[in-house]
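Encoded as structure tokens, the structure appears first; notes follow it.
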Amino acid sequence: MKQVTTTLRIETSGPGLTEFTGEVASWVAAQGMDEGLLTLFVRHTSASLLIQENADPDVQRDLQTFFENLAPWDASLYRHTTEGDDDMPAHIRAALTQTSLSIPAVDARLALGTWQGIYLFEHRAPRQLREVVLHLMGN
Amino acid sequence: MKQVTTTLRIETSGPGLTEFTGEVASWVAAQGMDEGLLTLFVRHTSASLLIQENADPDVQRDLQTFFENLAPWDASLYRHTTEGDDDMPAHIRAALTQTSLSIPAVDARLALGTWQGIYLFEHRAPRQLREVVLHLMGN
Amino acid sequence: MKQVTTTLRIETSGPGLTEFTGEVASWVAAQGMDEGLLTLFVRHTSASLLIQENADPDVQRDLQTFFENLAPWDASLYRHTTEGDDDMPAHIRAALTQTSLSIPAVDARLALGTWQGIYLFEHRAPRQLREVVLHLMGN
């Protein structure tokens, strides 16, 4: 049993989903493990991780709209407003989604379903560079 | 340290929670590990995983009602409607709950609390056959 | 590769976030591993785990307010009311946040971002003693 870690950097420009399944799958394949456990961890509290459908782009737009309505950019709703109208809604949207994800690898491939993509979910308005730590353990 | 993987198939018939704690606990016990880490991963984007109370069935009904109100079957709310009125709300409900779960095993048993059950949370209307990958690592 | 497990007990007095990053980091440091994977698992269905900003305390208050509005203490909304007005909203708030969290450890430290704190999210009104299982695997 061995383990290996890396950090991916993902640039975002405003709220929404950025798929990075390909980068993750490539890195996992390069480690040459037959079987193992992949963990993804986002090092931020105003961006999050999500596994969602990667077929129809409207799914990603509808997800974004849902979270915009649930935790809107409306300073009158929040105490924490010093970092901008978008910051507190970003923390709420991050709290409702994932900071970490675990995906088994079987037969040298991630056990993702046919339509599952791995997404970084950006919740802030300004351009950001986000870090996602990948940890793979197996043999 | 060793690892083992399997896939459970769970049949569902409409939205709601299906408990499968027993199947998971039996499989873990059969691996004969004293200590380890169990990961569950659902291979779908319109069904999810949840650990919740398994005492009063009303808790599961109230959870279902809450998610029905939060992301209703109302095509006027969504762009993605080609797969039916239930599909986009299913993706939203899945995004708000879990795609993966991690449960430590201690003294050859899952470290679940007294009232904790493991559930598949179905969000689609039609009958489905869902796959949950189990990965156990330990010794 | 080795693994080690412990259980932290955290006392709470009403709904809100209790940070315990320090206890977790100390325990991880004491295990003397250079690299590994930490899993946290809360053994309850009316309390949950959350990684969130630990800079401005208003963020934690706004998060609490958001969940109070989303799943209010209003018995008329729920079937499950025998354990008090706060119990069913507690299950819902727990379902929307995390039962388990995974954090890689790199260079003998948790890979948390600068502003990330680890929180127990209490959702019940009465005083509680909560258990969080920590499992660390690595070398």
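The values are calculated or read from the model by the stated rules, or taken from the named source; none is laboratory data. A quick note: this is a predicted structure, and the numbers were derived from the prediction, not measured. Every residue, glycine as well, gets a Cβ built from its backbone with ideal geometry; the counts of neighbours run over all protein chains shown. Quick note on the areas: whole protein, heavy atoms, side chains included, nothing else; ligands and nucleic acids left out. Shrake-Rupley method; radii C 1.70, N 1.55, O 1.52, S 1.80 Å.
Considering only the stretch C:82-104, state which residues are within 9 Å of chain A (Cβ to nearest Cβ) and either of a type in the set (Ser, Thr, Tyr) or more than 16 Å from the chain's Cα centre (by Cα) (or both).
Scanning the stretch C:82-104 gives C:Thr97, C:Ser100, C:Ser102, C:Pro104.
Among residues of the stretch B:105-139 being β-branched (Val, Ile, Thr) and within 14 Å of chain C (Cβ to nearest Cβ), the one that is most open to solvent (accessible area, probe 1.4 Å) is B:Thr114. Hey, does the stretch B:13-35 have a residue that's in contact with a strand residue (DSSP E or B) (Cβ under 9 Å, 6 or more places away or on another chain) and on the phi > 0 side of the Ramachandran plot? Among the residues of the stretch B:13-35, at least one is in contact with a strand residue (DSSP E or B) (Cβ under 9 Å, 6 or more places away or on another chain) and on the phi > 0 side of the Ramachandran plot, which makes the answer yes.
Looking across the stretch C:50-89, the residues that are of a type in the set (S, T, N, Q), in contact with a helix residue (DSSP H, G or I) (Cβ under 9 Å, 6 or more places away or on another chain) and more than 30 Å from A:Ser100 (Cα to Cα) come down to C:Thr81, C:Thr82.
Select from the stretch C:10-38 the residues that are part of a strand (DSSP E or B) and within 14 Å of chain B (Cβ to nearest Cβ) and write down the one among them that is nearest to the chain's Cα centre (by Cα).
Filtering the stretch C:10-38 for residues part of a strand (DSSP E or B) gives C:10-13, C:16-19, C:36-38.
Then keep just the ones that are within 14 Å of chain B (Cβ to nearest Cβ); that gives C:10, C:36-38.
Working: C:Ile10: 10, C:Gly36: 20, C:Leu37: 17, C:Leu38: 14 Å.
Checked the stretch C:10-38; the qualifying residue nearest to the chain's Cα centre (by Cα) is C:Ile10.
One residue alone among A:Leu77, A:Leu101, A:Leu96, A:Leu110 is aliphatic (A, V, I, L, M) and in contact with an Asp or Glu (Cβ under 9 Å, 6 or more places away or on another chain), and that residue is A:Leu77.
Scanning the stretch C:51-80 for residues that are under 21 Å from A:Asn69 (Cβ atoms) and either of a type in the set (Gly, Ala, Ser) or touching a Gly at 6+ places or on another chain (Cβ under 8 Å) (or both) gives C:Gln64, C:Ala71. Check the stretch A:31-43 and report whether any residue there is open to solvent by 10 Å² or more (accessible area, probe 1.4 Å), more than 20 Å from C:Glu35 (Cα to Cα) and of a type outside the set (Asp, Glu). No: the stretch A:31-43 contains no residue that is open to solvent by 10 Å² or more (accessible area, probe 1.4 Å), more than 20 Å from C:Glu35 (Cα to Cα) and of a type outside the set (Asp, Glu).
How about the stretch A:16-32: which of its residues are closer than 22 Å to A:Trp115 by Cα and not aliphatic (A, V, I, L, M)? Lay out the reasoning, then the answer.
At the first step, the residues of the stretch A:16-32 found to be closer than 22 Å to A:Trp115 by Cα are A:16-29.
Those that are closer than 22 Å to A:Trp115 by Cα and not aliphatic (A, V, I, L, M): A:Gly16, A:Thr18, A:Glu19, A:Phe20, A:Thr21, A:Gly22, A:Glu23, A:Ser26, A:Trp27.
Of all residues in the stretch C:44-81, those satisfying the criterion of being away from chain B (no Cβ under 13 Å) and of a type in the set (Val, Ile, Thr) are C:Ile51, C:Val59, C:Thr65.
Taking the conditions (1) within 19 Å of the chain's Cα centre (by Cα); (2) at positive phi in turn, A:Asp62 satisfies each one other than (2). Note on the stretch A:50-104: residues that are open to solvent by 30 Å² or more (accessible area, probe 1.4 Å) and either among the β-branched types (Val, Ile, Thr) or farther than 15 Å from C:Asp58 by Cα (or both) total 16.
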